[in-house]
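In what follows, a structure is listed as structure tokens, so that the remarks can point back to it.
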Amino acid sequence: MVSTDLSSGHAAPAGSLVLLRGLARQAAHWGDLPTQLAQSLNMPVYCPDLPGMGEASAQTAARSIPLQTLQLLPRLLGHIPPPWHLVGMSLGGMVALELARQQSAQVASVVLINSSVASLSPFYHRLQWPMYPKVLACLLASAATREALILQMTSAYSVSEQHPALAQWQGIARRQPVSTVNALRQLWAASRYQLQGMPECAGLVITSAADQLVSPRCSEALSHALGWPLRRHPSAGHDIALDEPRWLYQQLLDFYQSLSSK
């Protein structure tokens with residue numbers, strides 16, 4: 001588990017910030033965001049890998065989000081001081097919602113980034129039609145080719161061969177490869193996940209208007225159902241931490257400062 005505690009400066013609520021990545025991603029894919037948040041907020045920042053990913057790659061991911069959340073819990077309870085402020089991107093947002101349900105006493109807030117649930121959005125919004133061939137190709141491709149395809153699907157700004165992140169992502173894939181089995185298990189779990197009850201904590205929904213992978217309508221549906229404010233970037237792709245890290249950083253900073261003032 002990657003953890004950072006360089007806190008100084010800006011006011012923030014008590015507790016720990018926990019960042020959760022999405023499908024076939026791991027802590028390293030957050031880039032510099034965890035360090036930047038730790039430097040600005042008076043709370044430690046943790047980036048636990050989901051089951052089957054990164055430092056947890058030896059684990060076989062369960063075939064449902066609730067069970068994957070139970071798999072993750074032993075690495076949170078007793079290791080990350082509560083209350084938890086969860087930030088989940090895509091599938092990580094589903095895990096964040098499930099943590100808020102299973103561990104409501106531990107969770108103080110949830111930020112959802114380009115996430116979705118089956119009970120609020122149709123499958124063709126949760127995974128947009130033009131991406132189906134590329135998702136299938138990812139399952140059959142080499143690690144290097146898969147990372148190039150993922151970059152094409154998740155970044156709105158650059159041709160993958162020219163994107164500075166490609167070499168970094170390919171290096172991550174070499175060091176800590178994701179098995180096809182675990183990627184499929186994550187995909188299956190995400191496809192079936194439904195919202196079960198309303199979280200009792202504060203929350204924020206963030207979306208990207210140019211997301212080619214998951215329709216922004218999914219975030220709109222979550223914002224409406226949960227009663228949480230919606231923040232939209234006009235041009236970023238699905239991986240907003242890659243495309244617009246400074247904008248995302250500022251949205252998170254503003255949100256946590258608003259919580260600390262209450």
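FYI, it's all coordinate maths here, none of it is from the lab. Note that the structure is predicted; figures quoted are calculated from it, not measured. Positions of Cβ are backbone-derived with ideal geometry, glycine not excepted, and every protein chain shown enters the neighbour counts.
Details
- Stretching S179 away from R217 to a fully extended chain increases their span by 10.6 nm, per 0.36 nm per residue minus the current alpha-carbon distance.
- The stretch between T145 and N42 holds 33.1 nm of extra length on full extension. This uses 0.36 nm per residue minus the Cα-Cα distance.
- Placing unit charges on each Cβ (+1 for Lys and Arg, -1 for Asp and Glu) gives the chain a dipole about its Cα centre, and among S40, A210, P133 the Cα reaching farthest toward its positive end belongs to P133.
- Three-way shape call for region 208-249 based on the alpha-carbon gyration tensor, with the a/c threshold at 1.5: oblate
- Summed over qualifying helices (DSSP H, 4 residues or more, each -39500 (n - 2.57)) and divided by its residue number, the chain shows a 222 nm mean residue ellipticity of -12000 deg cm²/dmol.
- Spin-label proximity, Q102 to region 14-44 - amide N less than 16 Å from point 7 Å beyond Cα toward beta carbon: 19-21
- If the chain linking A14 and T35 were pulled fully straight, counting 0.36 nm for each residue of separation and taking away their Cα-Cα distance, it would gain 5.8 nm.
- Per-residue Cβ neighbour rank within 10 angstrom, fewest leading, E147, E244, E55: E55, E244, E147
- Taking only the C-alpha atoms of the chain, Rg followed by Dmax gives 16.8, 50 Å.
- Charge-dipole axis of region 2-260 as Lys and Arg at +1 and Asp and Glu at -1 on Cβ define it, positive-most pick from Q59, L248, P164: Q59
- Highest average packing first - 226-232, 198-204, Cβ atoms within 10 Å: 198-204, 226-232
- Of all DSSP beta bridges in the chain, antiparallel share, percent nearest 5: 10
- Residues H163, H29 arranged by fewest to most Cβ contacts within 10 Å: H163, H29
- R101, R185 arranged by Cβ crowding within 10 Å, fewest neighbours leading: R101, R185
- For region 196-205, 3J(HN,Hα) computed residue by residue from phi via the Karplus equation (6.51, -1.76, 1.60; θ = phi - 60°) reads 10, x, 9, x, 8, 9, 5, x, 8, 10 Hz, glycine and proline entered as x.
- Assuming charge only on the beta carbon of Lys and Arg (+1) and of Asp and Glu (-1), the dipole of region 2-260 about its Cα centre is about 560 debye to the nearest 20.
- For region 58-107, the equivalent ellipsoid built from the Cα gyration tensor has semi-axes of 17, 13, 10 Å, listed from largest to smallest.
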